[in-house]
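Undergrad: The following block contains the structure, expressed as structure tokens.
We did not get these values from a lab; they are worked out from the coordinates using the rules stated. Being a predicted model, the structure only gives us computed values, none of them experimental. When we count neighbours, we look across all protein chains shown, and the Cβ atoms used for this are built from the backbone with ideal geometry, even at glycine.
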Amino acid sequence: MQIRCFKCHMPIAMNREAVVDALAQVDKEELSHYDLFCPKCRTMNRVSRKQLQRAAPKVVRDEGDAK
């Protein structure tokens, strides 16, 4: 999953493990978004739950639907 920093426009890559971990945190804390910090400018970028669910592996998406 590629996210682009809204301030410095640097692309930030999230691998599948990071997406699954972020989605688990969002579900656990009942958040509407995940805060991803840019490694270059340290600005917080919001990643919505919907974006994380689209990028998550199919197995994780199916488990989330079962709730």
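Undergrad: Tell me the label-point distance for the pair PHE37, GLN2, using the 7 Å Cα-to-Cβ offset, in nm and rounded to one decimal.
TA: Placing both labels 7 Å along Cα→Cβ, they lie 2.5 nm apart.
Undergrad: In deg cm²/dmol, rounded to 500, what helix-only [θ] at 222 nm does the chain give when every DSSP H run of at least 4 residues adds -39500 (n - 2.57) and the total is split over its residues?
TA: Mean residue ellipticity at 222 nm (helix-derived): -12500 deg cm²/dmol.
Undergrad: Please list, in chain and number order, the residues 5+ apart from ASN45 or on another chain whose amide H is under 5 Å from its amide H, with Hs placed from the backbone.
TA: HN-HN under 5 Å from ASN45: LEU36, PHE37, CYS38.
Undergrad: If each residue of separation counts as 0.36 nm, what is the full-extension length gain between LYS50 and HIS9 once their alpha-carbon separation is subtracted?
TA: Full extension from LYS50 to HIS9 adds 12.6 nm.
Undergrad: Using only alpha carbon pairs under 8 Å that are at least six residues apart, calculate the relative contact order of the chain and give it in whole percent. Can you show the working numbers first?
TA: On the way: 75 pairs, mean separation 19.3, N = 67.
Averaging sequence separation for qualifying contacts and normalising by length gives 29 percent for the chain.
Undergrad: Over the chain, what number does the Rg to Rh ratio reach, with both radii from the alpha-carbon atoms and Rh per Kirkwood?
TA: For the chain, the value is 0.99.
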